[in-house]
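The values are calculated or read from the model by the stated rules, or taken from the named source; none is laboratory data. Just so we're clear, the structure is a prediction, and the values are computed from it rather than from any experiment. We place every Cβ from the backbone using ideal geometry, glycine too, and count neighbours over all the protein chains shown.
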Amino acid sequence: MRDLVQRFGGSLTTVFVALVLLWMVGMVLAPNLLMIDYALRPNLPPAQIGGPNDHYSLANFTYLAGEATHRAIFFKTIWASAIVTFVTLVVCYPLAFWLAQRATPAQAGLAILGLVIPFWINEVLRTLAWYILLAFRGPLNAVLLALGLISEPVRWAGDGGVLAAMTYAYILFMLFPIYNSMESLEAAQIEAARDLGAKSWRIHWRVVIPHAKAGIATGCVFTFMLAAGSYIAPSLLGSPGSRWFTEIIYNWFFEGGDWNRGAAYALVLLVLCLAVVLATLKLARVNLADVTK
Amino acid sequence: MSRSVQLDRVGMTFGTTRAVSDVTFTVEDGEFFSILGPSGCGKTTLLRIVAGFLRPTEGTVLIGGRDMAGLAPNRRPTAMIFQSLALFPLMSVRENIAFGLEARGVGKAERSRKADELLDVVALGGFGDRKPGELSGGQRQRVAIARALAVEPDVLLLDEPLSALDLKLRQHMRAELRALQKRTGVTFIYITHDQGEALAMSDRVAVMSAGVVEQIGAPQDLYANPQTPFVAGFVGETNRIAGRVAALAGGIATVDTGLGPMRGRAGPGLAEGQAVKLYVRPEALTPGTGGENSLAARVERVDFEGAFALAHGRLADGEEMIASIPATRLADAPGIGTEAAFHFDTDHAVVLADA
Ligand SMILES: Nc1ncnc2c1ncn2[C@@H]1O[C@H](COP(=O)(O)OP(=O)(O)OP(=O)(O)O)[C@@H](O)[C@H]1O
Ligand SMILES: [Mg+2]
């Protein structure tokens, strides 16, 4: 704060601080408080709002706790998001290592370009592309049939399709934090470990992963949050058996017309996501400041 | 034989860069062998070839008589100390030292004990629980040495390990490294671009220039008998006097210089009439007339260096000349601005063909 005053003078600093406060209050705090307020009130016809029935209660939350299907979908969403995160990590870790430590600058540039270009296309269209690829009569089944790997078309839509599309959609959010943290690892450390007799897995376990820990945790947190809050992939590629919790929230808002219950559901998802994130960071012994770097 | 390193016509080309060519030498068991050369001459490349990080484009490397072709660094009986040390910053000093043992599947208690033993060897007892970042430069240096020694290598490869240290510490570590090498009996291959370091520590030194080994010999030998103009100039200070060979007899060359005829020991491959230079060390030049060869110079300045003084003069042909005068003989030092006479023994001058 004193730094800011020194650099920009008192009046400009006041403007900065005011803008930041405005942002925090207007864009972060107010909507969330409003949502909490909604979640704690019953859904009433307009005439009764502010009337004797309009009082705070936990009814919207207890409804979720008592509704077995929604509860199952909720936990499934958390669990499936964890799997998406894990698969994305498994895909990105070797790629990030190769980019950061093995590739020549030209190779790395080309590879990153290749990874980024698809992201110039809208997320809905990208997911739609997966929808086409994985369709029952789509190219993937056609190729596998032609190769003789399957004898009849497979219905990919459902959990598998959602997993594939999400992994693809969030690859960059996982890749870049890991790549960044791996890039700062001195190549001589890997050589030294090898020279001292360590096999590849030990080099990764003892040298590379500890160094890249903050990046890995950051990537996992991003991917998990995005996956848990995803709507497009499950709604396009999911089957009735692979519904996502966000779809249920959407339904409360736009089909059930019960904004209060929708808000309560969204709040539960938010809190659980936060809990998972904080637990992950704790487990990896990384603090929030590292993640925002 | 068991811990010797033999290089046979080793060459390395990166794309179009010829980094090392036709290097052949043998480092004996238990020898302290230095590779000395200016920056970019291919020293690191050569060391990385021995360690197994680079596959040479030609030639073979034998360690203990065994061909190393195709063996990865972790399969060779070598350990490398990197220019940057490459300690693992997130591990404690003890874990760093024990890492090689961990990789060999040695149990935790045993490797911990061994690490503490090595900490004592490098005089860092009690520092085991610190992180490398909490040590001074010299202490980190010693951790790197202990970490490499922990795997009991036959050959220790050191890539300018002292270059990051300040002068005092560097001199101290020189002595320590030398003592450690004698105590462990491990063969050392030591890279440096500091000729003082190479001369002070090594049993033998290979002088490299532009990817080629120019000369190999004991420090005194390199200093007294340089075989190429590069070695004469790179190892120690020297004066150069240009001329042509007038006569060759009994290993002595008589050179016609612009300052009159002078004699010195003939280098390899001389012929009469050849363009040569006569190389004389500053300390071989004695003030005063007489002696076997004499020359005159206008003294421009005299720098007192403590143990000796350096008289900078200009010869009649316009070339610079430096004479070193021991502090005990300062009374003989010529006055600044005077035309002074110097002389040197034929035995103390070397005549080498121009490259
Ligand atoms: N991986 C590489 N690709 C291309 N050229 C290289 C590579 N490594 C080294 N070279 C080149 O080979 C030559 C020798 O390099 P090297 O690193 O062996 O020099 P050095 O003697 O160790 O120098 P310094 O004292 O500066 O460390 C240099 O011209 C360098 O540019
Ligand atoms: Mg080098």
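Residue-level check: of (1) outside any loop (DSSP other than H, G, I, E, B); (2) more than 24 Å from B:Ala175 (Cα to Cα); (3) within 16 Å of ligand 2 (Cβ to nearest atom), B:Leu62 misses just (3). Only one entry in A:Pro94, A:Pro139 is surrounded by fewer than 14 Cβ atoms within 10 Å (Cβ to Cβ) and under 19 Å from A:Gly219 (Cα atoms), namely A:Pro94.
The residues of the stretch B:52-100 that are acidic (Asp, Glu) and free of Cβ contacts under 8 Å to residues at least 24 places away in the same chain, listed by number, are B:Asp67, B:Glu95. Evaluation of B:Thr26 against the conditions (1) away from ligand 2 (no atom under 16 Å from the Cβ); (2) in contact with a strand residue (DSSP E or B) (Cβ under 7 Å, 6 or more places away or on another chain); (3) within 14 Å of chain A (Cβ to nearest Cβ) shows that the sole unmet condition is (3). When the stretch B:66-85 is filtered for residues that are more than 21 Å from the chain's Cα centre (by Cα) and not in a strand (DSSP E or B), the ones remaining, listed by number, are B:Met68, B:Ala69, B:Gly70, B:Leu71, B:Ala72, B:Pro73, B:Asn74, B:Arg75, B:Arg76, B:Pro77. Only one of the listed residues (B:Gly59, B:Gly52) is under 22 Å from B:Gln215 (Cβ atoms), more than 16 Å from the chain's Cα centre (by Cα) and either not assigned by TED's automatic domain parsing to the domain that holds B:Ala175 or not hydrophobic (A, V, I, L, M, F, W, C) (or both). That residue is B:Gly59. Screening the stretch B:22-51 for residues that are of a type in the set (Gly, Ala, Ser) and within 15 Å of ligand 1 (Cβ to nearest atom) and picking the one that is farthest from B:Pro229 (Cα to Cα) gives B:Ala51. Screening the stretch A:58-150 for helices (runs of 4 or more DSSP H) wholly inside it with 3 or more residues that are in contact with a helix residue (DSSP H, G or I) (Cβ under 8 Å, 6 or more places away or on another chain) returns the ranges A:59-66, A:68-97, A:105-116, A:123-133. Only a single criterion out of (1) surrounded by fewer than 23 Cβ atoms within 10 Å (Cβ to Cβ); (2) modelled with pLDDT of 90 or more; (3) within 19 Å of B:Val50 (Cβ to Cβ) is not satisfied by B:Asp221, namely (3). Looking at the stretch B:160-176, can you tell me whether even one residue there is in contact (Cβ under 8 Å) with a residue 60 or more places away in the chain, within 16 Å of ligand 1 (Cβ to nearest atom), assigned by TED's automatic domain parsing to the domain that holds B:Thr26 and touching a Cys at 6+ places or on another chain (Cβ under 6 Å)? Taking every residue of the stretch B:160-176 in turn, none turns out to be in contact (Cβ under 8 Å) with a residue 60 or more places away in the chain, within 16 Å of ligand 1 (Cβ to nearest atom), assigned by TED's automatic domain parsing to the domain that holds B:Thr26 and touching a Cys at 6+ places or on another chain (Cβ under 6 Å).
Out of contact with any Cys (no Cβ under 7 Å at 6 or more places or on another chain) and over 30 Å from A:Ile209 (Cβ atoms): does that describe A:Ser239? Yes: the conditions hold for A:Ser239. Hey, can you tell me all the residues within the stretch B:177-223 that are of a type in the set (S, T, N, Q) and within 16 Å of ligand 2 (Cβ to nearest atom)? Passing the criteria: B:Thr192, B:Gln195, B:Ser209.
Quick grid of which residues meet (1) within 14 Å of chain A (Cβ to nearest Cβ); (2) within 15 Å of ligand 1 (Cβ to nearest atom); (3) touching a strand residue (DSSP E or B) at 6+ places or on another chain (Cβ under 7 Å):
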{"site": "B:Arg55", "(1), (2), (3)": "no, yes, no"}
{"site": "B:Thr60", "(1), (2), (3)": "no, no, yes"}
{"site": "B:Arg66", "(1), (2), (3)": "no, no, no"}
{"site": "B:Leu71", "(1), (2), (3)": "yes, no, no"}
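Of all residues in the stretch A:231-246, those that are touching a residue at least 24 places away in the same chain (Cβ under 8 Å) and surrounded by fewer than 24 Cβ atoms within 10 Å (Cβ to Cβ) total 8.
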